[in-house]
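The structure under discussion appears below in the form of structure tokens.
The values are calculated or read from the model by the stated rules, or taken from the named source; none is laboratory data. Computed from a predicted model, the values in this text were never measured in an experiment. Don't worry about glycine lacking a Cβ; one is built from the backbone with ideal geometry, like all the others, and counts go over all protein chains shown.
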Ligand code: BG6
């Protein structure tokens, strides 16, 4: 595989919350990897900004540790680490006061690309946006990057959008959903719109149903207070699974350009039907003899927040009327697996008779781990004894097909940050998309509150509550196995 690094323009990137967890785990190691890949031009610099008093040397120590811990084997090369650290500096800044802003301004240079990463609590977005303007740091071409959670419901998302809009135009705002930066998520678009094979069959006439699974083995330990206010719906479904659903269900955009793609995604969200209560399964992982349960993890013995959610959805448009979409996500499940499974309908007539059994084409797109695709095709079982049919997978694991470089593909955050510098918003959520997603989510959550819905306990290391299996069984279908 030929690896191609497209250089970006010189930039000043300021990370507010530069000493925070996201900066440590994802943003700084990601920038380092881009530096090693040769994508950071010599003039580019990274400025950490946070409340703590610290000098450049102290911050560089922090960044070095972050790289060693999270940047993988590339961090073994000390010369590269030192080279990257030369580009890094720090400013102690008060988001709610005036301290530090002048010092930051003196670091910003002429007409380079200026990007400001708001890796802070949303409550600070307004303060930072305002001070960037007040202190002459932001112009019409500056970019800001904001993280999820983008609100907790429609009203709060609207308020956040309005706050940002007071200071920045929509074309300057990059709302990150890191799922959109995953290699295979973009591959969804390549598979759908780069091949003639699939698109003619990609509709209710040929597709029986679609499954989207994002299963995790981790629990919520360490993030309990945030998670217990969010649950799987706000933490995963409203954003990550919704984005996957949009990409799998949208109409072909005329061009791979930001608004062309985002217009089509928005139409999918707006066409979602309200979800019937009996098409929703909520669960909470139970304690075991040697492991605490959800309620202990979040230190809330009466919590009714879900750590598992399965839903059956319908999209009311010509392409998808009548085809159910089943979504599920959960913590402490059997395997860490994210995949999208398109189950096609049976052939209209079997010339091989009833004994040949029922066979279906299934396209499974694995987002993680072992990114790849399999397509189950029906063939004759080898050997004598008549026409017995069997389904075999055409298996394309990308690392096998494309070589080891596929495994080292750019991580989501690296790609997305470089897209910010390039000024490409295709893989970022537009304000109206986020609001539409909340508009669909809000009544579902309100229904749980109104019904005092209690999530079903489920066993750790399994596949979620029994009811999630029933959601499929009732329709004569079943979830694809969660493989470890
Ligand atoms: C985050 C959620 O957005 O995505 C986490 O807040 C979740 O709860 C994580 O664990 C999953 O991301 P990934 O990339 O590990 O699949």
Of the residues that make up segment 204-219, is at least one touching a residue at least 12 places away in the same chain (Cβ under 8 Å), within 18 Å of the chain's Cα centre (by Cα) and more than 12 Å from the ligand (Cβ to nearest atom)? yes
Expected output for segment 81-94 (first residue closer than 25 Å to residue 132 by Cβ, partner part of a helix (DSSP H, G or I), Cβ below 6 Å, 6+ apart or cross-chain) is 88/60; 88/63; 89/56; 90/56; 90/59; 91/103; 91/104
Pairing a residue in segment 5-22 that is at positive phi with any residue that is part of a loop (DSSP other than H, G, I, E, B), where Cβ atoms lie under 8 Å and the two sit 6 or more apart in sequence or on different chains, gives 17/119; 17/120
From the set of residues in segment 272-285 that are in a loop (DSSP other than H, G, I, E, B) and touching a residue at least 60 places away in the same chain (Cβ under 8 Å), which is surrounded by the most Cβ atoms within 10 Å (Cβ to Cβ)? 275
Residue that is farthest from the ligand (Cβ to nearest atom), among those in segment 194-203 that are assigned to a helix (DSSP H, G or I) and free of Cβ contacts under 8 Å to residues at least 60 places away in the same chain: 200
I'd like to know if segment 249-271 contains one or more residues that are outside any helix (DSSP H, G or I), in contact with a strand residue (DSSP E or B) (Cβ under 6 Å, 6 or more places away or on another chain) and within 15 Å of residue 313 (Cβ to Cβ). yes
Those residues of segment 220-233 which are surrounded by fewer than 22 Cβ atoms within 10 Å (Cβ to Cβ), near the ligand (Cβ under 10 Å from one of its atoms) and part of a helix (DSSP H, G or I) amount to 226, 230
What is the number of the single condition among (1) more than 13 Å from the ligand (Cβ to nearest atom); (2) buried (at least 17 other Cβ atoms within 10 Å of the Cβ); (3) within 25 Å of residue 440 (Cα to Cα) that residue 239 does not meet? (1)
Residues of segment 348-382 being closer than 18 Å to residue 483 by Cβ and more than 16 Å from the ligand (Cβ to nearest atom), in sequence order, are 362, 363, 364, 372, 373, 374, 375, 376
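Can you spot a residue in segment 286-309 that is closer than 20 Å to residue 209 by Cα, in contact (Cβ under 8 Å) with a residue 40 or more places away in the chain and in contact with a strand residue (DSSP E or B) (Cβ under 9 Å, 6 or more places away or on another chain)?
yes
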Collect the residues in segment 32-51 that are outside any helix (DSSP H, G or I) and touching a helix residue (DSSP H, G or I) at 6+ places or on another chain (Cβ under 9 Å), keeping them in residue-number order. 37, 39, 40, 44, 45, 46, 47, 48, 49, 50
Within the set of pairs 6+ apart or on separate chains, which have a first residue in segment 220-232 that is over 15 Å from residue 449 (Cβ atoms) and modelled with pLDDT of 90 or more, a second that is in a loop (DSSP other than H, G, I, E, B) and within 11 Å of the ligand (Cβ to nearest atom), and C-beta atoms under 8 Å apart? 220/307; 220/331; 227/220; 227/307; 232/307; 232/331
Does at least one position in segment 339-347 carry a residue that is within 21 Å of the chain's Cα centre (by Cα), within 14 Å of the ligand (Cβ to nearest atom) and in a strand (DSSP E or B)? yes
Any idea which residue in segment 397-415 is modelled with the highest pLDDT, counting only those that are in contact with a strand residue (DSSP E or B) (Cβ under 8 Å, 6 or more places away or on another chain) and surrounded by 15 or more Cβ atoms within 10 Å (Cβ to Cβ)? 397
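Given the residues 312, 265, which is the only one that is touching a residue at least 60 places away in the same chain (Cβ under 8 Å) and under 17 Å from the mean Cα position of the chain (by Cα)? Steps first, please.
Details: 312 fails: under 17 Å from the mean Cα position of the chain (by Cα).
That would be 265, the only listed residue that is touching a residue at least 60 places away in the same chain (Cβ under 8 Å) and under 17 Å from the mean Cα position of the chain (by Cα).
Quick grid of which residues meet (1) surrounded by 18 or more Cβ atoms within 10 Å (Cβ to Cβ); (2) in contact with a strand residue (DSSP E or B) (Cβ under 8 Å, 6 or more places away or on another chain):
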residue: 343; (1), (2): yes, yes
residue: 359; (1), (2): no, yes
residue: 381; (1), (2): no, yes
residue: 384; (1), (2): no, no
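Between 252, 274, which is over 28 Å from residue 303 (Cα atoms) and away from the ligand (no atom under 16 Å from the Cβ)?
252
Please return the ranges of helices (runs of 4 or more DSSP H) entirely within segment 60-145 where 3 or more residues are within 27 Å of the chain's Cα centre (by Cα). Working first, answer last.
Details: elements: 78-85, 101-107, 125-134.
Helices (runs of 4 or more DSSP H) meeting the threshold: 125-134.
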Only one of (1) closer than 30 Å to residue 332 by Cβ; (2) exposed (fewer than 15 other Cβ atoms within 10 Å of the Cβ); (3) touching a strand residue (DSSP E or B) at 6+ places or on another chain (Cβ under 8 Å) fails for residue 121. Which number is that? (3)
